[in-house]
Each structure stands twice: as structure tokens, then as C-alpha cells.
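These notes are about the structure you will find just below.
Readers should treat all values here as calculations from the given coordinates under stated rules, not as data from a laboratory. Quick caveat: nothing in here was measured; it's all calculated off a predicted structure. Backbone-built Cβ (ideal geometry, glycine too); neighbour counts: all protein chains shown.
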């Protein structure tokens, strides 16, 4: 075997080795890029979910302060965000921009009416004839730019007017004749049948007991 043939064979082996190495490096680079992109997307989704849950919690507090805070706003597709007002929150039309780790997220919520069927179950499609004025659906939406596309996360929650206020009545001196419902407490009661309201001032007693 001549030296030229040996050198030529060695050169071919080197070229093949370089090509294989390039293919392996290229494949590894693509895999790393995909992994980094996936990790970044997952991070953005987690951040968006946290921002969405934060707004959902604020809307819950906003609603618990006064049911009409939520019930009286225009329904979807109208968009709202919450701002600080005194010691509570106030709703403003539109959306807000929240920046975290140099990334901008757009955040807002919408409100939908809710209806229930004869069994009291929430209907998937709203029916005005079965409207439940004590339940509202809140949808929080977070959007951001992801590689020249818009990504989105949505969270929703049903809020109900379930908080009860208790009033202890100690004065019935106004007598009967009060028909309800009433919007403010007074010293009247509905019916005077079998009622003794003269024995002890400010108290009533059912006759026979």
C-alpha cells in the first residue's frame, strides 16, 4: 500500500469524523434551544397563572365588600381591572400592564351572568329566564407576547352572594302592620294577631305562651 493511499484514506476518515461531529453538535444545539424555549414558556405560564390568581383573589375581596360592586358592572365582553381605593378596591374599564422579570403581561377580568336549572345546577349556556341574581362568573385573562405570538392564560370562578348579616331586634314598640321585605330595620312587625305588645314596653309576646 502506497503512502499516498494511506494519507488519502486518513483524510477521508477525518472528514467523516468532522461531519459526524457537526451533526451531533447541531442536534445537541437544537435540543438545547428547544429545552430553553420550553423552560421559558413554562416560566411565563407560571407567572401568568400567579398574576391571574392574584387578580381573582382581589375580585373576591372586592365582591365580598359589596355584592353590587361586581353585579352592577357591564357584563362580558366589557373588561375591567382593579385599583386601590382607600382601604379597598375600585373597578376601572380596560386592562392593566404588569411587568415582571422584564416581561410585560396584560391582565383584566370579565363578568358573566349565571342561570340555574330546576335542580339548582349552573347551566352551561346562560338562560335569562333562569337567571340567578346571586351568582356571577368571573373570568380573569392574562396575555403576553411569546416568540411573536400572543399567549394566554384564563382562570374563572363563580362568586355568590352568600354572606348573611344578623340583626338582633330589641324594640317592637311600633306595633304591627309592617310588610316586607324592608331595606332598613325599624321597630315594626308584620302581624298583630295573637300578639301582646303592651305587657313589657319594647317587647312582644305570643298569646298563649
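Annotations
- Of the residues examined, residue 154 is not one that is touching a strand residue (DSSP E or B) at 6+ places or on another chain (Cβ under 7 Å) and farther than 21 Å from residue 50 by Cβ.
- Within the range 125-151, tally of residues that are assigned to a loop (DSSP other than H, G, I, E, B) and under 25 Å from residue 72 (Cβ atoms): 3
- Residue that is farthest from residue 44 (Cα to Cα) [pool: residues in the range 121-146 that are free of Cβ contacts under 8 Å to residues at least 12 places away in the same chain and loosely packed, with under 12 Cβ neighbours inside 10 Å]: 121
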